[in-house]
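A.B. asks: Following this message is one structure expressed as structure tokens.
The values are calculated or read from the model by the stated rules, or taken from the named source; none is laboratory data. Because the structure is predicted, anything quoted here is derived from the model rather than measured. Glycine also receives a Cβ, built like all others from the backbone with ideal geometry; neighbour counts cover every protein chain displayed. Note: areas computed on protein heavy atoms with side chains; ligands, DNA, RNA excluded. Shrake-Rupley method; radii C 1.70, N 1.55, O 1.52, S 1.80 Å.
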Amino acid sequence: MKFAVIVFPGSNCDVDMYHAVADELGEEVEYVWHDEENLDRFDAILLPGGFSYGDYLRSGAIARFSKVMAAVKQAAEAGKPVLGVCNGFQILLEAGLLPGAMRRNQGLKFICRPVQLVVENNETMFTSAYDKGEVITIPIAHGEGNYYCDEQTLKRLVENRQIVFRYHGENPNGSLAEIAGIVNERGNVLGMMPHPERAVDALLGSADGLKLFRSIVNYWRETHVVTA
Amino acid sequence: MYKVKVYVTLRESVLDPQGTAVKGALHSLSYTEVKDVRIGKFMELVIEKSDRDLDEMVRDMCEKLLSNPVIEDYRYEIEEAVAR
């Protein structure tokens, strides 16, 4: 299975993402610069965190118009797994691949620490290796992760089980309905503020993020590898 | 040439964490009359005259990039500027 890590000017979690896939997961992975127009050779697309284009105007607002985003849209339409973490999530929101928008954190502070999440939906291609209701520890690092959408959208998110992760115990940033991560209706585009790629080794605090990447690989094997 | 002033603000229905903090600061400066603070963005565009409809162009720019319609409203003013 081959992963793409999209690199925008200002991305800074691209190396962590690459490391998680190459070294912890043992799958193929390649950096892809933001001006590339074709992602056909990849099976899954990862949009890493950081401050693409300096977060000018709004987080993700300028990155969404970069050339590679047309190819990311195509990959999403083709049903390939697309994962956006932190700034990657913000870009997916700005691009309209996921509903809603981010506001400044309620407390206005940039928060960088591990938080607990509940796996609300473990029947997605990103979460099948988790138990339903499993509580996991994953770090967050953001100043604008205060998720917002209108009431109608929230109702749809709940009804379609698109809320995949919620903050557990306390809500660090004021997100509506404690939302930490959502998928699109089809279930192949996941955006989340917490960083699973920074939680792939118990030595460094937590390995709870690894199951997310394993789920993607399991999904891909089930759908692409013919067993004799 | 035109000078276009674009104002982007958070929608009424969206809580503004920055505005709330600034309101608190104003209250602590004894300006307790302040009932609400909304923080927005102000942008000034200088646009050349062309065949394209200016209003339509500015509206498009606001909706595609300058504001995020999910959480923000925008308004703009157009002034005719003398080219230097």
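A.B. asks: From Cα pairs below 8 angstrom and at least 6 apart in sequence, can you work out the relative contact order of the range A:2-224, rounded to a whole percent? Working shown, then result.
C.D. replies: Working: 512 pairs, mean separation 44.1, N = 223.
After rounding, I find 20 percent.
A.B. asks: A further question on this structure: Identify, among A:219, A:50, A:5, the residue whose Cα sits farthest towards the positive end of the charge dipole of chain A, taking +1 on the Cβ of Lys and Arg and -1 on the Cβ of Asp and Glu, with the dipole about the Cα centre.
C.D. replies: Checking the options against the dipole of chain A, the answer is A:50.
A.B. asks: Calculate, for the protein assembly as shown, the solvent-accessible area per residue in square angstrom, rolling a 1.4 angstrom probe over the heavy atoms of the protein chains. List each step's numbers first, then the result.
C.D. replies: Numbers: 15310 Å² over 312 residues.
With all protein chains present, the protein assembly as shown gives 49 Å² per residue.
A.B. asks: What is the percent carbon and sulfur in the accessible area of the range A:60-127, measuring with a 1.4 Å probe over the protein chains and ignoring ligands?
C.D. replies: Result for the range A:60-127: 50 percent of the exposed heavy-atom area is carbon or sulfur.
A.B. asks: Threshold 20 Å², probe 1.4 Å: give the residues of the range B:38-84, in number order, that are less accessible with all protein chains present than with their chain alone.
C.D. replies: When all protein chains are present, B:41, B:64, B:65, B:68, B:70, B:71 each give up 20 Å² or more of accessible surface.
A.B. asks: Another question, then. For residue B:36 paired with residue B:77, estimate the spin-label separation in nm (one decimal), with each label point 7 Å from Cα along the Cα-to-Cβ line.
C.D. replies: 2.1 nm
A.B. asks: Rounded to the nearest 10 Å², what accessible area does residue B:78 have for a 1.4 Å probe in the complete protein model?
C.D. replies: 70 Å²
A.B. asks: Starting from the residue with the highest accessible area, list A:224, A:168, A:195 in decreasing order, probe 1.4 Å. Before the final figure, lay out each step's value.
C.D. replies: Values: A:224 110, A:168 75, A:195 0 Å².
Per-residue accessible area, sorted high to low, gives A:224, A:168, A:195.
A.B. asks: Measure off 7 Å from each Cα along the Cα-to-Cβ vector at residue B:57 and residue A:224, then give the distance between these two points in nanometres to one decimal.
C.D. replies: Output for this residue pair reads 4.5 nm.
A.B. asks: Then there is this: Which lysines have a Cα less than 21 Å from the Cα of residue A:211, not counting those fewer than 8 places away in the same chain?
C.D. replies: A:2, A:80, A:132
A.B. asks: While we're looking at this one, here's another question. Cα axis of helix B:17-28 to longest principal axis of chain B: angle in degrees, 0 to 90, nearest 10?
C.D. replies: Roughly 50 degrees between the two axes.
A.B. asks: Per residue and in cubic angstrom, what volume does the convex hull of the Cα atoms of the range A:153-219 have? Walk me through the numbers on the way to the answer.
C.D. replies: On the way: hull volume 6.6 nm³, N = 67.
For the range A:153-219, the hull spanned by Cα atoms encloses 98 Å³ per residue.
A.B. asks: Calculate the dipole size of chain A relative to its Cα centre from +1 charges on Lys and Arg beta carbons and -1 charges on Asp and Glu beta carbons; express the result in debye to the nearest 20.
C.D. replies: On the way: 21 positive and 30 negative charges, 103 e Å.
With only Lys, Arg, Asp and Glu charged at Cβ, the dipole is about 500 debye.
A.B. asks: What does the buried accessible surface come to for A and B, summed over both chains, with the probe at 1.4 Å? Round to 100 Å².
C.D. replies: On the way: alone 10190 and 6410 Å², together 15310 Å².
Interface between A and B: roughly 1300 Å².
A.B. asks: So which residues of the range A:133-182 lose at least 40 Å² of accessible area, probe 1.4 Å, when you go from the chain by itself to every protein chain present?
C.D. replies: Residues meeting the cut-off: A:148.
A.B. asks: For the range A:67-137, compute Rg over Rh where Rg is the Cα radius of gyration and Rh is the Kirkwood radius from the inverse mean 1/r over Cα pairs.
C.D. replies: Numbers: Rg = 14.7 Å, Rh = 14.5 Å.
With Rg and the Kirkwood Rh in hand, the quotient comes to 1.02.
A.B. asks: Let me ask something else about it. Give the accessible area for residue A:109 in Å² (nearest 10); use a 1.4 Å probe, count only protein heavy atoms, and leave out ligands, DNA and RNA.
C.D. replies: Counting only protein heavy atoms, residue A:109 exposes about 150 Å² to solvent.
A.B. asks: What's the whole-number percent of alpha carbon pairs in chain B lying beyond 16 angstrom? List each step's numbers first, then the result.
C.D. replies: Working: 2111 of 3486 pairs.
Roughly 61 percent, rounded to a whole number.
A.B. asks: Here is a further query. Percentage of Cα-Cα pair distances in chain A greater than 31 Å, rounded to whole percent?
C.D. replies: On the way: 3045 of 25878 pairs.
Cα-Cα pairs of chain A separated by over 31 Å account for 12 percent.
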